[in-house]
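Novice: Supplied in structure tokens, the structure appears directly below.
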Amino acid sequence: MLKLLTDKNSYMKKIRLKIEEFVKKAERKWKSLSTKRQRSLTKIFFAGYAIMTILTVIHLWSKDSKSRTILSVGHINNIPKMIKMQHQPLENPANYSPHKTSP
């Protein structure tokens, strides 16, 4: 059992090390670019992100406006049979005045 746990941990460590290695390699490549190139790539990435965001908002807005339906509200003709009205008449309505305080 302990061997399985250590094997799993070593596998996760290997994955983590590969990810860290990839990030360091990408960072080295980015830093090796000139400042002018970094700025132009940043502008391109931002422009692409902004365009995708705008297109998504427009798509959602147009989809929402097309799919709107107006609910028709009408008179209720009957009460469903499953619902039972439980009404108990008051014995003396004068005793149940809303302005009357309890003694």
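Novice: For the subset of segment 6-40 comprising residues that are open to solvent by less than 90 Å² (accessible area, probe 1.4 Å) and among the hydrophobic types (A, V, I, L, M, F, W, C), which member is modelled with the lowest pLDDT?
Specialist: Among those residues, the one meeting the criterion is Ile15.
Novice: What are the residue pairs meeting all of these: first residue in segment 18-36, first residue in a helix (DSSP H, G or I), second residue at pLDDT 95 or above, Cβ atoms under 9 Å, and 6 or more apart or on different chains?
Specialist: Partner pairs satisfying both residue conditions: Trp30/Gln38; Trp30/Leu41; Lys31/Gln38.
The values are calculated or read from the model by the stated rules, or taken from the named source; none is laboratory data. From a predicted model like this one, the values you see are computed outputs, not experimental measurements. All Cβ positions, glycine included, derive from the backbone under ideal geometry; neighbour counts span all protein chains shown. In case anyone asks, the SASA skips ligands and DNA or RNA and just uses the protein heavy atoms, side chains included. Shrake-Rupley method; radii C 1.70, N 1.55, O 1.52, S 1.80 Å.
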